[in-house]
Amino acid sequence: MSWLSSTIAKKFAMAISGVLLVLFLLSHLTTNMLSVFSEEAFNEASHFLGTNPLVQFLAQPVLMFGVVFHFVLGFVLEAKNRSARPIKYAKKSTDNATWMSQNMIYSGLVILAFLALHFIDFWIPEMNYKYIQGLPEVTDRYYEELVHKFQNPIRVGAYVLAFVLLAMHLLHGFQSSLQSMGINNKFTPSIKKFTQAYAVIVPVGFIFIALYHYINH
Ligand code: HEM
């Protein structure tokens, strides 16, 4: 992909894929939040998403491609930055914002590890149920499956830790993606505030769901 050869093009592609993932997070949070308010609504939404061909064969492959693309390009950019800066900064900054921007690769790696666990927990059993075993659709199974996963305190702890690192990743990543896409106008300070609020509220929402099911079942 020669169009990706310059660092600017890579940063731009990183930003586009990042924003796609940020949008996915909000829709994923919304669906999962239903499980806190109504078992029936959560089952209905999961059944719809799990059986709709547009979601299954268009949105899901695009999302998977986006996830892999974002991680692979993240590693490439990190390797490039390291080789351009063979001597480490003499003194790491104590400024929080700079610290987070310098450690995107580490928060990204934790999120990658979380995704591996998360896929083993939910996505692989789902693919197995539907496409490998070809079991008949049971529309009210989703809530039970979800609640069951949040009974194990070690899993809940691992999820919560990953969500804290997700917040740190988004705190730098979301605003930086807009900068990489060249969005810079009089609304920039307000946009920055919005991205920071989003970076905290979405992971806190996920933490709430995990703890809610752990405490209530
Ligand atoms: C408490 C928090 C969360 C819960 C309860 C949850 C629940 C689920 C469930 C039930 C599925 C299976 C969907 C299906 O294929 O039928 C799923 C898939 C998935 N989750 Fe999560 N999730 C949570 C947090 C996250 C976070 C923070 C991320 C990203 C960093 C994430 C990324 C994904 C991805 C990429 C998939 C596969 C795509 C899909 O099938 O839609 N999840 N999740």
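Numbers for the structure displayed
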quantity: Helix runs (DSSP H) in the chain reaching 27 Å along axis by Cα, Kyte-Doolittle at least 1.0; calculated: 7-37, 153-180
quantity: Average silhouette area of the stretch 112-214, convex hull of alpha-carbon atoms, in square nanometres; calculated: 8.5
quantity: Aspartates and glutamates whose Cα lies under 13 Å from that of LYS11, excluding same-chain neighbours fewer than 8 positions away; calculated: GLU78
quantity: For the chain, projected area of the alpha-carbon convex hull averaged over all directions, nm²; calculated: 14.6
quantity: Qualifying aspartates and glutamates (Cα of each under 13 Å from Cα of LYS149; at least 8 residues distant if same chain); calculated: ASP121
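Each reported figure results from applying straightforward, stated rules to the coordinates on display, with no laboratory input. On a predicted model such as this, the values are computed, not experimentally measured, just so you know.
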